[in-house]
Amino acid sequence: MKTQTNTSQRTRKLVLLAFLAALVIILQLFCQFVLQANRLPISLVLLPIAIGGMLLGAGAGAFLGAVFGVVVFVCSITGLDSTGLILCEINPFTTAVVCIGKGLFAGLLSSLTYKLCGGEKKGRLSAFAASAVTPIVNTGLFIIGLLLFFKDTLNSWAGGTNLITYVFITLVGVNFIIEFLINVIITPLIMPSISKAFSK
């Protein structure tokens, strides 16, 4: 009986993980084609990444983040993402590392934050902290990657503007604010209900 219960729980987790991975792909493609701000598409995919990491653990969060990164890289290398295409033309390997790495660590650190803040016991407080970490890590690692590996390109895009001002305000500012607000408002509201439904 216990074996059947464990198998059933594993199956439910795998089904949920597959569903969230599909949702990540669909949302990212939707954002890529429909929701654009400045040079970069807004990422609604951080919602399922954060939720998956909270419900299924750090491995699932990292996996979902990596799926997000792979989709971003594919869009970049195929030209669907014009900014990513420029970066791929300069260095496709580094672009892949930045795209996949930022997503992977966003999911991983979000999940670990949820656990460190008390997880389900603290409810919305833990969900709020974890959902805030996701866009901060995603955008932060993207900025670090650009400054480390694509500084000359950034300088040309900035066109004489102060580089730090350009990166934080012009390039990622609008995207980050929208992504952050979506995550910290929606995720804590829906997480308790999803958690209860999943645990039944």
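The values are calculated or read from the model by the stated rules, or taken from the named source; none is laboratory data. Just so it is clear, the structure is predicted and the values come from calculations on it, not from any experiment. We place every Cβ from the backbone using ideal geometry, glycine too, and count neighbours over all the protein chains shown.
The number of residues in the range 123-140 that are aliphatic (A, V, I, L, M) and surrounded by fewer than 19 Cβ atoms within 10 Å (Cβ to Cβ) comes to 4.
For residues that are part of a helix (DSSP H, G or I), at pLDDT below 75 and not β-branched (V, I, T), scanning just the range 1-13, find the one that is surrounded by the fewest Cβ atoms within 10 Å (Cβ to Cβ). Walk me through it before giving the result.
Going residue by residue through the range 1-13, those that are part of a helix (DSSP H, G or I) are 2-13.
Now drop any that are not at pLDDT below 75, which leaves 2-6.
Those left that are additionally not β-branched (V, I, T): 2, 4, 6.
Working: K2: 6, Q4: 8, N6: 10.
The residue in question is K2.
How many residues, within the range 162-174, are polar (S, T, N, Q) and at pLDDT 85 or above? Even if it seems obvious, please write down each step before you answer.
So in the range 162-174, the residues polar (S, T, N, Q) come out as 162, 165, 170.
Pick out the ones that are also at pLDDT 85 or above and you get 162, 165.
Qualifying residue count for the region: 2.
Looking only at the range 28-58, count every residue that is assigned to a helix (DSSP H, G or I) and either modelled with pLDDT of 90 or more or of a type in the set (S, T, N, Q) (or both) and tell me the total. Count: 14. Take C88 and decide whether it is over 23 Å from L23 (Cβ atoms), touching a helix residue (DSSP H, G or I) at 6+ places or on another chain (Cβ under 9 Å), surrounded by 20 or more Cβ atoms within 10 Å (Cβ to Cβ) and hydrophobic (A, V, I, L, M, F, W, C). The answer is yes for C88. Within the range 58-77, the set of residues being touching a helix residue (DSSP H, G or I) at 6+ places or on another chain (Cβ under 8 Å), under 22 Å from V34 (Cβ atoms) and not small (G, A, S) comprises L64, V67, F68, V70, V71, V72, F73, C75, I77.
Answer yes or no: is there a residue in the range 113-126 that is charged (D, E, K, R), in contact (Cβ under 8 Å) with a residue 24 or more places away in the chain and in contact with a Ser or Thr (Cβ under 7 Å, 6 or more places away or on another chain).
Step one: filter the range 113-126 for residues charged (D, E, K, R), giving 115, 120-122, 124.
Narrowing further to those that are in contact (Cβ under 8 Å) with a residue 24 or more places away in the chain: 115, 120, 124.
Then keep just the ones that are in contact with a Ser or Thr (Cβ under 7 Å, 6 or more places away or on another chain); that gives 120.
Checking the range 113-126: at least one residue is charged (D, E, K, R), in contact (Cβ under 8 Å) with a residue 24 or more places away in the chain and in contact with a Ser or Thr (Cβ under 7 Å, 6 or more places away or on another chain).
Of the residues making up the range 146-168, at least one is within 26 Å of A132 (Cβ to Cβ), in contact with a Leu (Cβ under 9 Å, 6 or more places away or on another chain), part of a helix (DSSP H, G or I) and touching a residue at least 40 places away in the same chain (Cβ under 8 Å). Of note, L16 does not satisfy the criterion of being within 12 Å of the chain's Cα centre (by Cα), in a helix (DSSP H, G or I) and modelled with pLDDT of 75 or more. One residue alone among V34, V67, V45 is surrounded by 16 or more Cβ atoms within 10 Å (Cβ to Cβ), farther than 19 Å from V184 by Cα and β-branched (V, I, T), and that residue is V67.
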